[in-house]
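Novice: Have a look at the structure that comes next, please.
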Amino acid sequence: MVGETLQIGLAGLGTVGSGVYEALLRNRDLLEARAQISYQVRRIAVRDKTRKRGVEVDETLLTDDWRDLVDDDEIDIVIELIGGTTEAYQLVRAALEKGKPVVTGNKALLAEYGSTLFRLSREKGVPLYFEASCGGGIPIVQSLQHSLICNKVSAVVGIINGTSNYVLTAMDKEGLSLREALQQAQSLGYAEPDPLLDINGWDAAHKGLILAMLAYGAPLGSEAISVTGIEHIEPVDFSFARRLGYTIKLLVVIRYHERRNALELRVQPSFVPQQHLLSKVDGVFNAIAVCGDIVGETIFYGRGAGKNPTSSAVVGDVVLAMRECRLPGYHTGFLPYAEGVKALPVEATETSCYVRFRVKDCHGVIASIATIFSQHDIGIAATSSAEGEHDGTEGWNHLVFMLHVCCWGQLQEALGDIRKLPTVVGEPVVLRIESFQTS
Ligand SMILES: NC(=O)c1ccc[n+]([C@@H]2O[C@H](COP(=O)([O-])OP(=O)(O)OC[C@H]3O[C@@H](n4cnc5c(N)ncnc54)[C@H](OP(=O)(O)O)[C@@H]3O)[C@@H](O)[C@H]2O)c1
């Protein structure tokens, strides 16, 4: 064993914090043998010290002021698991300023304040670790930083929100509506009481920004990513997808456009070919495909959230932080290295698309929509229709257009014109068709 016992300050004892505390106790012998460093949890910050918890803790360790962790000179490492961005930012900032390595699982914090915090981390020479912030138990952060370091990454494509993937899987396999699938996810504890950020795509977007930063060195903010959630997907979209040889997944897509030195960064419900491994990633599981010029395609698969998988990632980082404390100066955290990379405007991104319209059941409707696509130079690969419900006065149909590769901006202009047609009802549903070409 090397040196004195390292002292850990744990902020947050909720789902993940309690899992981390238990893992640090349960596997102490294993961790100390592997890392050759002894440790102790010295202080735990919570919001409410009187709250009953599902984990047994020595009450003298508890404080309701996280500053007690930062101000304690005996504490070597701080683990931030309180969530949110305001106090978490103050806590992480204060700990780095005091020279304490920080481990966090907070993707919202990194999406909002990542560049400021990494700059501070660099200035102070104190690392900030964040494996748990992306993909829960999947070791994607360290893999991108270390194992795949020799690769120029051409694309990262992933399913990185378990709740939305559970909902899409239940809609696909059990024919549920989005509402029914979400209720099922909530009753099984797979979705928060307020699942807004899961359904509207922003949880995946926060993680996408972290992946982009790791793969391309560019600390980009929330304004750099184009985000569409799964709110408008209906069971009929799965019927069309199946018939056409696809399944629907909420994908984060990150692709580098070398000529423009710009990153395409988007979260969108997308058609994934049934033969591709990502189409088989069901329920709460996550998967991230990384394509590098040397390694080729790799896929990382596992549980993207939950107490134990997330704790596994946090404790892995704690060991890195402990090693850093023993070998100060060898900074194993992330340092941005490509601040000049810009985000590619979403209007300039190109894919094939599936567009489903609700149209009145009358003659000439296909031709009128096709004419507008053609006026905007958008080619049609196929059309398909299915009967919709009847609202009592007039029948209507689902009408699907599979479009050839076109610019997103061009498509939006065409849809603007199509919306004005009296035969088109409501908002069209647009899904990208991912080709998974790696360059
Ligand atoms: N849950 C997951 O599966 C998962 C997966 C990956 C990443 N994460 C990230 O991990 C972090 C924690 O998530 P969680 O699910 O564990 O949250 P949680 O269950 O809500 O727990 C939050 C904990 O932080 C404490 N806390 C909140 N504000 C505080 C403050 N100002 N000062 C001191 N303590 C404070 C709470 O205290 P009380 O107990 O007294 O209320 C609670 O113990 C988040 O950033 C989340 O995004 C979570």
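Novice: Cβ-Cβ below 6 Å, separation at least six or inter-chain, first residue in the range 47-71 and in the same structural domain as residue 82 (by TED's automatic domain parsing) and touching a residue at least 24 places away in the same chain (Cβ under 8 Å), second within 9 Å of the ligand (Cβ to nearest atom) and of a type in the set (S, T, N, Q): which pairs?
Specialist: Between residues of the range 47-71 that are in the same structural domain as residue 82 (by TED's automatic domain parsing) and touching a residue at least 24 places away in the same chain (Cβ under 8 Å) and residues that are within 9 Å of the ligand (Cβ to nearest atom) and of a type in the set (S, T, N, Q), the close pairs are 55/18.
Novice: Quick one: is residue 208 open to solvent by less than 50 Å² (accessible area, probe 1.4 Å), under 10 Å from the mean Cα position of the chain (by Cα) and free of Cβ contacts under 8 Å to residues at least 60 places away in the same chain? Show your work before the answer.
Specialist: Working: open to solvent by less than 50 Å² (accessible area, probe 1.4 Å): yes; under 10 Å from the mean Cα position of the chain (by Cα): yes; free of Cβ contacts under 8 Å to residues at least 60 places away in the same chain: yes.
Yes, satisfied.
Novice: Confirm whether residue 105 is buried (at least 24 other Cβ atoms within 10 Å of the Cβ) and either away from the ligand (no atom under 13 Å from the Cβ) or in contact (Cβ under 8 Å) with a residue 60 or more places away in the chain (or both).
Specialist: Numbers: buried (at least 24 other Cβ atoms within 10 Å of the Cβ): yes; either away from the ligand (no atom under 13 Å from the Cβ) or in contact (Cβ under 8 Å) with a residue 60 or more places away in the chain (or both): yes.
Yes: the conditions hold for residue 105.
Novice: Let me ask something else about it. State all residues of the range 326-374 that are of a type in the set (D, E, K, R) and either under 30 Å from residue 144 (Cα atoms) or exposed (fewer than 14 other Cβ atoms within 10 Å of the Cβ) (or both); if no residue qualifies, say none. Let's see the steps before the verdict.
Specialist: First, the residues of the range 326-374 that are of a type in the set (D, E, K, R): 326, 339, 342, 347, 350, 356, 358, 360-361.
Within the range 326-374, 326, 339, 342, 347, 350 qualify.
Novice: Out of the range 207-223, which residues are assigned to a helix (DSSP H, G or I) and in contact with an Asp or Glu (Cβ under 9 Å, 6 or more places away or on another chain)? Steps first, please.
Specialist: Initially, the range 207-223 is screened for residues assigned to a helix (DSSP H, G or I), giving 207-216, 222-223.
Listed by number, the list holds a single entry, 222.
Novice: I'd like to know if the range 33-40 contains one or more residues that are without any contact (Cβ under 8 Å) to a residue 12 or more places away in the chain, of a type in the set (A, V, I, L, M) and away from the ligand (no atom under 16 Å from the Cβ). If you could, list the steps in order and put the result at the bottom.
Specialist: Filtering the range 33-40 down to residues without any contact (Cβ under 8 Å) to a residue 12 or more places away in the chain leaves 33.
With of a type in the set (A, V, I, L, M) added as a condition, the list becomes 33.
With the extra rule that they be away from the ligand (no atom under 16 Å from the Cβ), the set shrinks to 33.
Checked the range 33-40: at least one residue is without any contact (Cβ under 8 Å) to a residue 12 or more places away in the chain, of a type in the set (A, V, I, L, M) and away from the ligand (no atom under 16 Å from the Cβ).
Novice: If residue 44 satisfies every condition in (1) open to solvent by less than 10 Å² (accessible area, probe 1.4 Å); (2) more than 9 Å from the ligand (Cβ to nearest atom); (3) aliphatic (A, V, I, L, M); (4) farther than 20 Å from residue 305 by Cβ but one, which is the exception?
Specialist: Result: residue 44 fails condition (2) only.
Novice: For the range 280-301, which positions are open to solvent by 10 Å² or more (accessible area, probe 1.4 Å) and of a type outside the set (Asp, Glu)?
Specialist: Looking only at the range 280-301, we keep the residues that are open to solvent by 10 Å² or more (accessible area, probe 1.4 Å), and these are 280, 282-285, 291, 293-301.
Residues satisfying the conditions are 280, 283, 284, 285, 291, 294, 295, 296, 298, 299, 300, 301.
Novice: Do you know which of the residues in the range 395-438 that are in contact (Cβ under 8 Å) with a residue 12 or more places away in the chain, of a type in the set (D, E, K, R) and out of contact with any helix residue (DSSP H, G or I) (no Cβ under 6 Å at 6 or more places or on another chain) is farthest from residue 241 (Cα to Cα)?
Specialist: Here the answer is 413.
Novice: I'm trying to understand the selection: among the residues of the range 59-88, which are surrounded by 18 or more Cβ atoms within 10 Å (Cβ to Cβ) and either farther than 17 Å from residue 19 by Cβ or more than 8 Å from the ligand (Cβ to nearest atom) (or both)?
Specialist: The answer is 62, 66, 69, 70, 75, 76, 77, 78, 79, 88.
Novice: Considering only the range 45-154, give the helices (runs of 4 or more DSSP H) lying wholly within it that have at least 3 residues that are closer than 18 Å to residue 214 by Cβ and among the aliphatic types (A, V, I, L, M). Reasoning before the result, please.
Specialist: On the way: elements: 67-70, 86-97, 107-124.
Qualifying helices (runs of 4 or more DSSP H): 107-124.
Novice: Which residue out of 16, 20 is open to solvent by less than 10 Å² (accessible area, probe 1.4 Å) and of a type in the set (Val, Ile, Thr)? Let's see the steps before the verdict.
Specialist: Values: 16 fails: open to solvent by less than 10 Å² (accessible area, probe 1.4 Å).
Result of the check over 16, 20: 20.
Novice: Turning to a different aspect of this structure: State all residues of the range 155-200 that are assigned to a loop (DSSP other than H, G, I, E, B) and crowded, with 17+ Cβ neighbours inside 10 Å; if no residue qualifies, say none.
Specialist: Quick first cut of the range 155-200, residues assigned to a loop (DSSP other than H, G, I, E, B) only: 160-161, 175-177, 188-195, 200.
Those that are assigned to a loop (DSSP other than H, G, I, E, B) and crowded, with 17+ Cβ neighbours inside 10 Å: 160, 161, 176, 190, 191, 195, 200.
The values are calculated or read from the model by the stated rules, or taken from the named source; none is laboratory data. Only a predicted model underlies this, so the values are computations on that prediction, with no experimental measurement involved. Backbone-built Cβ (ideal geometry, glycine too); neighbour counts: all protein chains shown. All accessible areas refer to the heavy atoms of the entire protein, side chains included, with ligands and DNA or RNA removed. Shrake-Rupley method; radii C 1.70, N 1.55, O 1.52, S 1.80 Å.
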